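Step one of this worksheet: look at the structure below.
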Amino acid sequence: MEQKEARNIPLALELKGITKTFGTIKANYNVDLELKHGEILALLGENGSGKTTLMNMVAGIYYPDEGQIFVDGEEVVIRSPKDAFDHKIGMIHQHFKLVDLFSAAENVVLGVKDGKKFNISEVNERVQKIADRYGFIIDPKEKVHEMSVSQKQTVEILKVLYRGADILILDEPTAVLTPQETAKLFAVLRKMKEDGKSIIIITHKLHEVLSISDRVAVLRKGEYIGTVNTSESTESSLTEMMVGKKITLNIDRSEPHDVVERLSVSGLSGLNAEGLKVLDNVSFTAYGGEILGIAGIAGSGQRELLEAIAGIYSPESGEILYNDPKGGAQVNLRKKTPLQIRELGVRLSFVPEDRLGMGLVGSMDITDNIMLRSYRSGFVLLNRSDPKKLAEEIVNDLEVATPHLNTPVRRLSGGNVQKVLVGREIASAPSLLMAAYPVRGLDINSSYAIYNLLNEQKERGVAVILVGEDLDVLLALCDRILVINSGRVTGILDGRTATKEEVGFLMTKSDRVENTDPEGGAA
Amino acid sequence: MASEHHNAVKEPLIHITKNAAMPFWKGLLIRAAAVLIAFLLCSILAFFLIGANPLEFFGAFIKGNFGSNAMMAKLRIWKLLKDTAILLLIALAVTPAFRMRFWNIGAEGQVLMSALAAAAVVYYGKGITQEWLLLVIMFVAAVAAGIIWSVLPAIFKALWNANETLFTLMMNYVASFFVAYALVKWTPDGSSVLGELKRGHLPSPGNEYLIFTLTVLLITGIMFVYLYYSKQGYEISVVGESQRTARYIGINVKKVIVRTMTLSGVLCGLAGFMIVAALDHTVTTTSVGGRGFTAIIVSWLAKFNPLIMIGTALLVVFLNQGAGQLATTFRVSFAFPDVVVGIVIFFVIGCEFFIRYKVHFRHKNRHAAEVPAPGGEGSGGSGENPEKEGGGGGERPAEVIPDKGGKLK
């Protein structure tokens, strides 16, 4: 690569030949990147392609093994987040790092050493000023624990701006946002760009890349593929750069046949730990041989609903009736523990949202994680040989990329962790399969592998309940879509005829039209 | 342009990356080297502090553990074995709870209460004429006491999530005062010294500690199988790693906590029984002598693996005995053995860093190169990447230590 010394306006940020290895794994290999002043650069790549690792080196979290970093044309060394701030670089991480009991402004000034005497009202003012300038809607005095995810993200962005960052790096900022919140964020980002800030946004949502960015840099398996102007790209051209080969974006959806009633939920209501109503008179039926999608803004009661069916969360009232596909007997799953449910012969599989925190044990290897479902079979001692065989099968059939069967699952990438979990849950031949956000954080190929697995289960007559966040996918994959909104069912739509707008409306409308609740929230 | 600024650019002097799996022998070598270096350091320290030359220093360790003549050798070696065995037994008792992330630091009190119970059976059991029956009752009483003392905190933890560390710690003091009270009551002369109990001795074929040592060895094997190959051991690991996963899979977390602490109590009971029936034949407030805490170190050092605990228990006892001999020979305070043990353990723990991480020093020729070479090593398949994980459970694979001295050239 030739030196670009003749340039008149130096680049805001330039990376040259960055290499970073973890053990034997090359997370980044000889990566170059250029960020111009006042542009929004999308950093695109599949999961595990090294986007976050690369940006962590710019933000001072990691230190590169090889390569150089230039800011405004001058080579710099970034050893810590403080160094990064000194060079006016700020990163908004995917997992927020805020003190819950502090107010927004207190979180913003935390750790700032400007030599001034601390004066909270002055800080509140300054934070408010920055917020107003870019169009953030926030109350600096509000405590973080009272905030929504999107507001917390705003605080993180304000934190970075308050420290005077000119280069902002956002790691998958839209992953936790609703479409409306995303639109607001993008409006703010555009204002920042007009203000001369340079922004890198990490994402793997192509439509967002196309709508927000000026240029797109693509990484694939830790290597830099190239940078293109957004105006000259299309979804399919970017996908090709990202995955290296053309893939069809069609999801198969067969007509359901031999549908039988499998699960009938009626009048389910329940409270969360804080005593707030998270499930409010939820009723629906799931049929064997179909995929029932559940759409809703994150935190609308989806988790509690699935956990109630699985026996982990205990609701206040309602019925969860399961029809045994063999005997035809009906059992009520409510007030049963997961073990009792299994002992009743209910073949229920559950892929929870929190894979490593609930579905799997991170420090255990694949075999021991597969064994979670079957370890009770032996007498006193464990039978590891069958789970090991199954683990080998899952690794082979689902193409789990792992150095070894003995590798702790937390060392695997998100997609492979998910394959292990889904593989295990399907292996027990369920008659009811529940999956919460099974493709969250997965790349396109892994996502399709999961969709295919769900479809296969449907073909076999399994009742599949899928909680999803990508409406396009839900509309393409599901036979019916249940929309949940603040713990209430606001509609059950036919997946073949429903439109995105319809679902989106049912997800977000604040007044409860169908339910005649007199105390309807004044939102 | 960039070249003008090369002087301003400093790569950290050292930076640290995570090591991939290290071959077993290499890890062993590093640990052995750590112990050796620690010993050398201790011998230097001994030279300056108590005037022992290295020969005398190491001589004391040999003498302290293996004796100076044949007759002493037998005594010393048996002492080494029995001290190791009792420490190992208590370490085995705390291990199941630790694997469950239940921080029981009350083994001291649990063993002490068991010893007291066993001694009480002898004291009050004058009517029991058959020796074997007395021993059985002693055993049962000791185990019952051990279970009560360890299950109490477990129940509070399971039902009300009471902090087990504080709870078990405070139970130690209660146990200690119970013993003090019993001793006052049992010694009308007011000496509070019970003296040797004449009855309730385990038979001693061969050597008086033989049965005891073999029992502990057997239990070590059983615990290894229990923890690694039994269903209950597996449940302990799952609960320890993630209670939510345990609940999801249908494990009754409360039951596992109470059951595991019951097991701890049984082993503590056995240790207390052995102290009275096979080792000391008496009980004092210091019968356990801090072993309840030392056992925690033994268990941690072995990463909660019972087989490795044989080695770590032996190491700790060996150090204590050798350094104790040193203190006797040179007539210095018995704080000195503690210093030696502390230094060695510090090195043993510290060397884990070098097993887990790799330290890179600054490339000497870095500044000569205009553009850094992209690394000559062939890239063999990019494989997996520890980028963000779904559950956020990923740890920081490596970190950078900014060096303060790097600015001075």
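Bear in mind that the values in this text are calculations on the coordinates, not laboratory data. Computed from a predicted model, the values in this text were never measured in an experiment. Cβ atoms come from the backbone with ideal geometry, glycine included; neighbour counts cover every protein chain shown.
What to note about this one:
- Look at the dipole of chain A built from charges on Cβ: of A:Gly311, A:Thr182, A:Gly378, the Cα furthest out on the positive end belongs to A:Gly378.
- Using only side-chain charges placed at the Cβ, +1 for Lys and Arg and -1 for Asp and Glu, the dipole size of the stretch B:84-310 relative to its Cα centre rounds to 740 debye.
- Each other residue within a Cβ distance under 15 Å of B:Ala154 adds +1 if Lys or Arg and -1 if Asp or Glu, for a net charge of +4.
- Given their separation in residues at 0.36 nm each and the Cα-Cα distance between them, A:Ser377 and A:Leu110 gain 90.8 nm when the chain is fully extended.
- Sorted by Cβ density within 10 Å, fewest first, the residues B:Thr215, A:Thr234: A:Thr234, B:Thr215
- Nearest 10 degrees, 0 to 90: helix A:179-194 Cα axis against chain A principal axis: 10
- Between B:His360 and B:Gln232, the simple spin-label model (points 7 angstrom out along Cα→Cβ) gives 4.9 nm.
- Footprinting exposure proxy for A:His37, A:His207 (fewest neighbouring C-beta atoms within 10 Å first): A:His207, A:His37
- Inter-probe distance in nm under a simple model that places probes 7 Å from Cα toward Cβ, at A:Thr234 and B:Tyr173: 7.7
- Span from the the stretch B:267-330 Cα centroid across to the the stretch A:42-111 one, whole angstrom: 49
- Each helix, a run of at least 4 DSSP H residues, gives -39500 (n - 2.57); summed and divided by the residues of chain A, these come to -9000 deg cm²/dmol at 222 nm.
- Cα gyration tensor shape of the protein assembly as shown, rounded if a/c is under 1.5, else prolate or oblate by comparing a/b with b/c: oblate
- Part-to-part distance (alpha-carbon centres) for the stretch B:218-261 and the stretch A:462-493, which is given in Å: 38
- Label zone at B:Lys79, where the point sits 7 Å out along the Cα-to-Cβ direction: the stretch B:304-322 residues whose backbone N lies under 17 Å: B:314-322
- Ranked list, fewest to most other Cβ atoms within 10 Å of each Cβ, for B:Met100, B:Met261: B:Met100, B:Met261
- Charges were assigned to the Cβ only: +1 to each Lys and Arg, -1 to each Asp and Glu. The resulting dipole of the protein assembly as shown about its Cα centre is roughly 3140 debye.
- Relative contact order for chain A: 14 percent, from Cα pairs under 8 Å spaced at least 6 residues apart, divided by residue count.
- Annotation note: GluC sites (Glu not before Pro) in the stretch A:315-347 located in DSSP loop regions with a Cβ neighbour count of at most 15 within 10 Å are A:Glu316.
- Charge tally for B:Ile236 (other residues, Cβ to Cβ under 11 Å; Lys, Arg +1; Asp, Glu -1): +2.
- Placing a label point 7 Å from the Cα of A:Lys36 along the Cα-to-Cβ direction, the residues of the stretch A:70-98 whose backbone N falls under 20 Å from that point are A:70-74.
- For the stretch B:84-310, with +1 on Lys and Arg beta carbons and -1 on Asp and Glu, the positive-most of B:Pro153, B:Ala117, B:Tyr181 along the dipole: B:Pro153
- Computed magnitude of the charge dipole of the stretch B:7-118 (debye, nearest 20; Cβ of K, R +1, Cβ of D, E -1): 280
- Taking label points 7 Å from Cα along the Cα-to-Cβ direction, A:Val260 and A:Asn445 give a separation of 3.9 nm.
- Positive-pole candidate from B:Leu75, A:Val265, A:Leu442, dipole of the protein assembly as shown, charges at beta carbon: B:Leu75
- Net length gained if the chain between B:Asn69 and B:Leu214 were fully extended (0.36 nm per residue, minus Cα distance): 49.6 nm
- By the rule of a C-alpha distance below 17 Å, with chain neighbours fewer than 8 residues away ignored, the lysines paired with A:Lys152 are A:Lys97, A:Lys141, A:Lys143, A:Lys184.
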